[in-house]
Amino acid sequence: MDSHYSVVIVEDHDDLRHALCEVVEAAGHEVYGFSCSEDLDDQLGLPPIDVLVVDLGLPGENGLSLAQRFRVSCPATGIVMMTAKADLDSRLEGYKSGADIYLPKPAHPEELLAAITAVAKRRETIERVMASHQNQSVQLDRKTLTLHGPCGEAALSEREAVLLEALTRAAGKRLEFWQLSSLCATDAELPSNATLKVIMTRLRAKLSTVAGNAAVIRALRGFGYQLCIRIESI
């Protein structure tokens, strides 16, 4: 195999997870196995993920929810969903959640490896497009609350525009959670951590769409968020 990829497998069945990891590793890929979504979220220092292989029926946050989060925050990552539910409705639900390929269990090892290669090549194509735009800045029109970038336009809410401007002006383009919460505060109260996460996820998705780049805002564990692209106010 000419290409080697970074693969994350989230499967709660220990024996199956170990077997899948062995198959993928034997094919020359770098593989990381987790028993649930929460274990993956807690893991620090992972390289950029080329392919996420996820079981639908996970404990805690299920595979559909995890796939949806990855499709928003890491749009270039390939997603292979595996589940014992092979009926049409389950497959359609998987694709709606962001899966590129839906494999019923038990999947043949060669089919899994072929699926990993197929979705990883899609990521490589997207990254080439991103690279062609990486030196182009995104413009923020404060009057119309509109983002303009090499890949299109997106409308912002007033709150999203305020956060984006603040990140642009901040030292190192990074702000702490409490600073971001203060900017989002209403007369009634500060937003919860969950609400702030939703706001930042939506802002990241809009920036990623217009910039043609997945790495637009980085979450800094235990600190806050950092803007990773150039923004010009017009």
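The values are calculated or read from the model by the stated rules, or taken from the named source; none is laboratory data. Keep in mind it's a predicted model, so treat the numbers as computed, not measured. Please note: Cβ atoms are built from the backbone with ideal geometry, for glycine as well, and neighbour counts cover all protein chains shown.
Mind telling me which of the residues L196, L190 ends up being aliphatic (A, V, I, L, M), out of contact with any Pro (no Cβ under 8 Å at 6 or more places or on another chain) and crowded, with 16+ Cβ neighbours inside 10 Å?
Working: L190 fails: crowded, with 16+ Cβ neighbours inside 10 Å.
None of the others qualify; the one that does is L196.
Would it be correct to say that R174 is modelled with pLDDT of 85 or more and under 23 Å from the mean Cα position of the chain (by Cα)?
Numbers: modelled with pLDDT of 85 or more: yes; under 23 Å from the mean Cα position of the chain (by Cα): yes.
Considered against the rule, which asks whether it is modelled with pLDDT of 85 or more and under 23 Å from the mean Cα position of the chain (by Cα), R174 comes out as yes.
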Give me the pairs, please: first residue somewhere in segment 162-186 and within 15 Å of L203 (Cβ to Cβ) and without any contact (Cβ under 8 Å) to a residue 24 or more places away in the chain, second residue anywhere and among the hydroxyl-bearing types (S, T, Y) and assigned to a helix (DSSP H, G or I), beta-carbon distance under 9 Å, and either six or more positions apart or on two chains. S181/T195
Segment 33-109: helices (runs of 4 or more DSSP H) wholly inside it with 3 or more residues that are crowded, with 21+ Cβ neighbours inside 10 Å and touching a residue at least 12 places away in the same chain (Cβ under 8 Å) are 63-73
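Evaluate the following for A188: is it over 23 Å from T77 (Cβ atoms) and either out of contact with any strand residue (DSSP E or B) (no Cβ under 6 Å at 6 or more places or on another chain) or at pLDDT below 85 (or both)?
Values: over 23 Å from T77 (Cβ atoms): yes; either out of contact with any strand residue (DSSP E or B) (no Cβ under 6 Å at 6 or more places or on another chain) or at pLDDT below 85 (or both): yes.
Yes, satisfied.
For segment 42-65, enumerate the residues that are acidic (D, E) and out of contact with any Leu (no Cβ under 9 Å at 6 or more places or on another chain). Full working, then the answer.
Here is the first cut: in segment 42-65, the ones acidic (D, E) are 42, 50, 55, 61.
Matches in segment 42-65: D42, D50, E61.
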All but one of (1) closer than 23 Å to L180 by Cα; (2) at pLDDT below 75 hold for M130; state the number of the condition that does not hold. (1)
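Can S6 be described as surrounded by 12 or more Cβ atoms within 10 Å (Cβ to Cβ), of a type in the set (S, T, N, Q) and in contact with a Pro (Cβ under 6 Å, 6 or more places away or on another chain)? Please lay out each step first, then the result.
Numbers: surrounded by 12 or more Cβ atoms within 10 Å (Cβ to Cβ): yes; of a type in the set (S, T, N, Q): yes; in contact with a Pro (Cβ under 6 Å, 6 or more places away or on another chain): yes.
Against the criterion (surrounded by 12 or more Cβ atoms within 10 Å (Cβ to Cβ), of a type in the set (S, T, N, Q) and in contact with a Pro (Cβ under 6 Å, 6 or more places away or on another chain)), S6 qualifies.
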When every residue in segment 18-32 that is part of a helix (DSSP H, G or I) and within 22 Å of the chain's Cα centre (by Cα) is compared, the one farthest from S65 (Cα to Cα) is V24
Where F223 falls short, out of the listed (1) modelled with pLDDT under 80; (2) more than 15 Å from the chain's Cα centre (by Cα): (1)
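For segment 152-234, which strands (runs of 3 or more DSSP E) that fit wholly inside it have 2 or more residues that are over 15 Å from S137 (Cα atoms) and outside the structural domain of R123 (by TED's automatic domain parsing)?
Values: elements: 152-155, 174-176, 217-220, 224-227, 231-233.
The strands (runs of 3 or more DSSP E) meeting that bar are 174-176, 217-220, 224-227.
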